1. So if I check each of LYS37, LYS33, LYS64, LYS4, which one is closer than 21 Å to HIS170 by Cβ, open to solvent by 20 Å² or more (accessible area, probe 1.4 Å) and not β-branched (Val, Ile, Thr)?
2. With the structure loaded, tell me whether ILE156 is surrounded by 21 or more Cβ atoms within 10 Å (Cβ to Cβ), assigned to a strand (DSSP E or B) and at negative phi or whether it fails that test.
3. Tell me which residues, restricted to the stretch 224-246, are without any contact (Cβ under 8 Å) to a residue 60 or more places away in the chain and not polar (S, T, N, Q).
4. Taking the stretch 9-22, which residues are of a type outside the set (Ser, Thr, Tyr), in contact (Cβ under 8 Å) with a residue 40 or more places away in the chain and farther than 13 Å from ALA215 by Cα?
5. Is it the case that the stretch 16-25 has a residue that's farther than 15 Å from VAL124 by Cα, open to solvent by less than 30 Å² (accessible area, probe 1.4 Å) and more than 15 Å from the chain's Cα centre (by Cα)?
6. Is it the case that the stretch 76-88 has a residue that's open to solvent by 20 Å² or more (accessible area, probe 1.4 Å), of a type outside the set (D, E, K, R), more than 20 Å from PHE174 (Cβ to Cβ) and at pLDDT 95 or above?
7. Only one residue in GLN168, GLN138 is open to solvent by 40 Å² or more (accessible area, probe 1.4 Å) and either closer than 23 Å to LYS5 by Cβ or polar (S, T, N, Q) (or both). Which one?
Amino acid sequence: MAIKKFLFGTDSHGDQQDDDTIGAFLSFSERWKPHIKIHGGDVFDFRPLRNGAGQEERCESMEKDCQTGMAFLESYRPHYILRGNHDERLWQSAECSTNGNMRDLCGRLVQEIEQKKMWKSATVLPYDVRCGVLKLGQLQFVHGYHAGVAAARQAIGLYKGSGTGVVQGHVHSFSRFADSSLSRAEGITVGSLCKIDMPYNAKTPRKLAHENGWAFGEIHESKSGKSDWELWFCRKGETGKFISPV
């Protein structure tokens, strides 16, 4: 029986990362010593590129955002990166922006990011409902294509299979949903590595459910080709300490 340990950290959001959470996450990674390290997406924030950005946001520089996001990747050194919806803004703008100057700027930033050693050494999956799925045994990892309180249930409904678990970020909160099935089928959402309060979510009631933390676990593979898995949360408590079963 081969046992592989994994670590799933997600939604660091570049210059909006929560430094306390990032530090605790990197320390945990050193202690846990995972065989597989995954960044679940939204490495960067790219708020000037969001559809609802105000004029002040559109005038912000994205340089610090890029630098902070890449610095975290250099420290974490993930084996897999799942591009998130915030990350995708840059790639979309590089191809589709109707503003020529913005299209050129985003194109240059895409080239700079993709040439970085850490980005090139990882397996990078696009933000795509079909192509953006990382499969490890019976576990599937996505950035997330559903939001709100039903995200875990909707995720397992979309990617359901025998013995399957679907792990996603995107919603910045922890939840688990076990679907009715003859075999295990569980949807899981994971908290974030970024600040809970950000400029553009000030009036979003759902952020009251947001939490800092990450997920980790084990995949057990047998010689027969079958596999099993378990996953745990590490979350930041009211005291500011990070609580996990290990």
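1. Working: LYS33 fails: closer than 21 Å to HIS170 by Cβ; LYS64 fails: closer than 21 Å to HIS170 by Cβ; LYS4 fails: closer than 21 Å to HIS170 by Cβ.
Step by step, each of LYS37, LYS33, LYS64, LYS4 is checked, and only LYS37 is closer than 21 Å to HIS170 by Cβ, open to solvent by 20 Å² or more (accessible area, probe 1.4 Å) and not β-branched (Val, Ile, Thr).
2. Numbers: surrounded by 21 or more Cβ atoms within 10 Å (Cβ to Cβ): yes; assigned to a strand (DSSP E or B): no; at negative phi: yes.
Criteria not met by ILE156.
3. As a first pass, look at the stretch 224-246 and keep what is without any contact (Cβ under 8 Å) to a residue 60 or more places away in the chain: 224-226, 230, 232-233, 237-239, 241, 243, 245.
Of everything in the stretch 224-246, those that are without any contact (Cβ under 8 Å) to a residue 60 or more places away in the chain and not polar (S, T, N, Q) turn out to be GLY225, LYS226, GLU230, TRP232, PHE233, GLY237, GLU238, LYS241, ILE243, PRO245.
4. We begin by selecting, within the stretch 9-22, every residue of a type outside the set (Ser, Thr, Tyr); these are 9, 11, 13-20, 22.
Add one more test, that the residue is in contact (Cβ under 8 Å) with a residue 40 or more places away in the chain, and what stays is 9, 11, 13-18, 20, 22.
Within the stretch 9-22, HIS13, GLY14, ASP15, GLN16, GLN17, ASP18, ASP20, ILE22 meet the criteria.
5. So far as the stretch 16-25 goes, yes, one or more of its residues are farther than 15 Å from VAL124 by Cα, open to solvent by less than 30 Å² (accessible area, probe 1.4 Å) and more than 15 Å from the chain's Cα centre (by Cα).
6. Residues of the stretch 76-88 that are open to solvent by 20 Å² or more (accessible area, probe 1.4 Å), as a first pass: 77, 79-80, 83, 85, 88.
Keeping just the survivors that are of a type outside the set (D, E, K, R) gives 79-80, 85.
Imposing the further condition that a residue be more than 20 Å from PHE174 (Cβ to Cβ) reduces the set to 79-80.
Next cut, at pLDDT 95 or above only: 79-80.
Yes, the stretch 76-88 contains a residue that is open to solvent by 20 Å² or more (accessible area, probe 1.4 Å), of a type outside the set (D, E, K, R), more than 20 Å from PHE174 (Cβ to Cβ) and at pLDDT 95 or above.
7. Just a single option satisfies the conditions, and that option is GLN138.
Rundown of residues vs (1) more than 22 Å from GLU112 (Cβ to Cβ); (2) in contact (Cβ under 8 Å) with a residue 12 or more places away in the chain; (3) not in a helix (DSSP H, G or I), yes/no style:
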residue	(1), (2), (3)
LYS5	yes, yes, yes
ALA24	yes, yes, no
PHE44	no, yes, yes
ASP87	no, yes, no
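The values are calculated or read from the model by the stated rules, or taken from the named source; none is laboratory data. All values derive from a computational prediction rather than experimental measurement. No Cβ is skipped: glycine too gets one built from the backbone with ideal geometry, and neighbour counts run over all protein chains shown. Surface areas here come from the heavy atoms of the whole protein model, side chains and all, with no ligands, DNA or RNA. Shrake-Rupley method; radii C 1.70, N 1.55, O 1.52, S 1.80 Å.
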